[in-house]
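Heads up, the thing below is written out as structure tokens.
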Amino acid sequence: MSSSTFGDATARRVVLVSDRRLVGQAIAAALKAQGFLPAVLEWPERRRMMVYRRQLDLTGARVGLVMCDLRTPDLLRDVELLVSWRPVRWLVLTDSPVGARWGTVLSAGAVGVLPTSTTTAGLNVALRETLAGRSPTPDSVRTRAVRAWENVADEQRDLIRRMELLTHREYEVLGFLYDGIGVKAIAEASGVAEATVRSQVKSLRRKLGAESQLAAVAMYRRSLDVFPRSRS
């Protein structure tokens, strides 16, 4: 893309979406110093996606940057929905290593995926490439990532899709159950009524198609093969 083209205000508009607000604000400041016109949006609520889409359209941006570590299926699903929206061309910046998760968002429509270790100068170039319709992700990396997702067994892929139906809170509760923490303890630690947690367990079981709490926990354990828990 030529410098004259980049001088157009429309070309310099970038919409930023991050699951960590401070990170998004820091990247926005860095991009502004590089001549971009960033607009930062909050992470989308799944129940208000159409409203969010209108907010996205109002930014007038033709290129978007999603910053997320893709650590859980529900976050991955949110990113998939975002990058499938046109006419915005999406670039994903993530902590997650090259693998099935990169392949998932690339298959969903992301123009490229890059690690969060990318420098400001590198991100500048990547966004210009994305705006021009070219992927800043090397072909060899793209092929490896997409193949990694395609190589996940059908049964495992179906399990991940079921996990994507859970809200972040439901996935969190399921993780607590996997750790052997009971409903009462989860409620006390979260500062909510025990009945609220039981309702969340009932909801996640229904979404997963699990006949029991034990079955839901077993499904969570199998999902860790693709989504291993972050080490603290």
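Overview of results
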quantity: Residues satisfying the stated conditions in the range 150-164, i.e. open to solvent by 70 Å² or more (accessible area, probe 1.4 Å) and within 20 Å of Leu70 (Cβ to Cβ); calculated: Glu150, Asn151, Asp158, Arg161, Arg162
quantity: Residue in the range 14-29 that is open to solvent by less than 10 Å² (accessible area, probe 1.4 Å), in a helix (DSSP H, G or I) and β-branched (Val, Ile, Thr) present; calculated: no
quantity: The lone exception for Ile160 - which of (1) at pLDDT below 90; (2) outside any helix (DSSP H, G or I) it fails; calculated: (2)
quantity: Residue match in the range 100-119 (condition: without any contact (Cβ under 8 Å) to a residue 12 or more places away in the chain and within 30 Å of Arg12 (Cβ to Cβ)); calculated: yes
quantity: Sole residue being of a type outside the set (Val, Ile, Thr), crowded, with 21+ Cβ neighbours inside 10 Å and modelled with pLDDT under 90, chosen from Pro44, Pro73; calculated: Pro73
quantity: Which listed residue, of Val17, Val23, is within 30 Å of Arg169 (Cα to Cα), out of contact with any Asp or Glu (no Cβ under 7 Å at 6 or more places or on another chain) and in contact (Cβ under 8 Å) with a residue 60 or more places away in the chain; calculated: Val17
quantity: Criterion (closer than 30 Å to Leu174 by Cβ, open to solvent by less than 50 Å² (accessible area, probe 1.4 Å), modelled with pLDDT of 90 or more and of a type in the set (A, V, I, L, M)) met by exactly one of Val63, Val88, Val113; calculated: Val113
quantity: Residue match in the range 101-124 (condition: outside any helix (DSSP H, G or I), small (Gly, Ala, Ser), more than 14 Å from the chain's Cα centre (by Cα) and more than 29 Å from Leu31 (Cβ to Cβ)); calculated: no
quantity: Filter result for the condition that a residue is open to solvent by 10 Å² or more (accessible area, probe 1.4 Å) and part of a helix (DSSP H, G or I), over Leu81, Leu56; calculated: Leu81
quantity: Residues (under 25 Å from Arg77 (Cβ atoms), of a type in the set (A, V, I, L, M, F, W, C) and open to solvent by less than 40 Å² (accessible area, probe 1.4 Å)) located in the range 176-200; calculated: Leu177, Ile186, Val197
quantity: Among the residues listed as Val226, Val173, the single one being open to solvent by less than 60 Å² (accessible area, probe 1.4 Å), touching a residue at least 24 places away in the same chain (Cβ under 8 Å), aliphatic (A, V, I, L, M) and closer than 20 Å to Glu80 by Cβ; calculated: Val226
quantity: Breaking point among (1) under 14 Å from Val14 (Cα atoms); (2) in a loop (DSSP other than H, G, I, E, B), for Gly133; calculated: (1)
quantity: In the range 39-60, the residues that are more than 19 Å from the chain's Cα centre (by Cα) and of a type outside the set (Val, Ile, Thr); calculated: Arg54, Asp57, Leu58, Gly60
quantity: Out of Thr143, Thr120, Thr130, Thr167, sole residue that is closer than 30 Å to Ala33 by Cα and surrounded by fewer than 20 Cβ atoms within 10 Å (Cβ to Cβ); calculated: Thr120
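Quick grid of which residues meet (1) of a type in the set (Gly, Ala, Ser); (2) touching a strand residue (DSSP E or B) at 6+ places or on another chain (Cβ under 9 Å):
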site: Gly133; (1), (2): yes, yes
site: Val141; (1), (2): no, yes
site: Asp158; (1), (2): no, no
site: Met163; (1), (2): no, no
site: Tyr178; (1), (2): no, no
site: Val183; (1), (2): no, no
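The values are calculated or read from the model by the stated rules, or taken from the named source; none is laboratory data. Being a predicted model, the structure only gives us computed values, none of them experimental. For neighbour counting, all protein chains shown are included, and Cβ atoms are generated from backbone atoms with ideal geometry for every residue, glycine included. Remember, those area values only see protein heavy atoms, side chains included, never the ligands or the DNA or RNA. Shrake-Rupley method; radii C 1.70, N 1.55, O 1.52, S 1.80 Å.
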